[in-house]
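The values are calculated or read from the model by the stated rules, or taken from the named source; none is laboratory data. Fair warning: this is a prediction, and the values are worked out from it, not measured in the lab. To get the accessible areas, we keep the full protein, side chains included, count just its heavy atoms, and leave off ligands, DNA and RNA. Shrake-Rupley method; radii C 1.70, N 1.55, O 1.52, S 1.80 Å.
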Amino acid sequence: MFDYKAPADLLRDKVILVTGAGDGIGKACALSCAAHGATVVLVGRTLSKLEAVYDAIEAAGHPQPGLCVLDL
């Protein structure tokens with residue numbers, strides 16, 4: 001009944017901005033969206049954390065993300 005599996009290209013051609021993308025839920029969301037084909041824009045306060053997520057996305061072969069260090 002709850003066996004839904006999103007297609008790998010579900011978010012292809014979409015751009016998704018993820019705040020708090022350096023860790024926690026934001027990181028998980030960014031990685032998941034990228035895995036489903038989205039181009040993600042990573043927003044957060046700590047450059048080193050954002051760079052780690054950026055590198056993980058690129059290493060997995062997903063679309064190249066954008067990166068924005070911003071303290072909201």
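At 37 °C and 0.692 mPa s, grab the translational diffusion coefficient of the stretch 1-41 from Stokes-Einstein with a Kirkwood Rh over Cα pairs, rounded to a whole number in µm² per second.
Numbers: Rh = 10.6 Å.
Here the translational diffusion coefficient equals 310 µm²/s.
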Exercise. Relative to the first principal axis of the alpha-carbon coordinates of the chain, what is the inclination of helix 24-35, with its axis defined by its Cα atoms, in degrees from 0 to 90 and to the nearest 10?
Worked result: 50
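Can you give me the accessible area per residue for the stretch 1-65, using a 1.4 Å probe, in Å²?
On the way: 4210 Å² over 65 residues.
Per residue, the stretch 1-65 has an accessible area of 65 Å².
Could you check how much of the accessible area of the chain is carbon and sulfur, as a whole percent, using a 1.4 Å probe? Intermediate values should be presented prior to the final figure.
Numbers: 2760 of 4780 Å².
Answer for the chain: carbon and sulfur cover 58 percent of the accessible area.
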Exercise. Lysines near K49 by alpha-carbon distance under 28 Å, same-chain residues fewer than 8 away left out - which ones?
Worked result: K14, K27
Exercise. In percent, what relative contact order does the chain have, based on Cα pairs under 8 Å that are 6 or more apart in sequence?
Worked result: 30
Seminar exercise, completed: Rounded to the nearest 10, the angle in degrees between the Cα long axis of helix 47-59 and the longest principal axis of the Cα atoms of the chain comes to 30
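Subtracting the Cα-Cα distance from 0.36 nm times the residue separation, let me have the gained length for V15 to Q64 in nm, one decimal.
Values: separation 49, 0.36 × 49 = 17.64 nm, distance 1.09 nm.
Difference between extended and current length: 16.5 nm.
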Seminar exercise, completed: Debye calc, one equal point scatterer per Cα of the chain, no solvent, log10 I(q)/I(0) at q = 0.12, 0.15, 0.25 1/Å comes to -0.29, -0.44, -1.04
For this session: For the chain, with a Gaussian network of springs between Cα atoms less than 10 Å apart, report the residue from A56, A34, A21 with the top mean-square fluctuation.
Result: A56
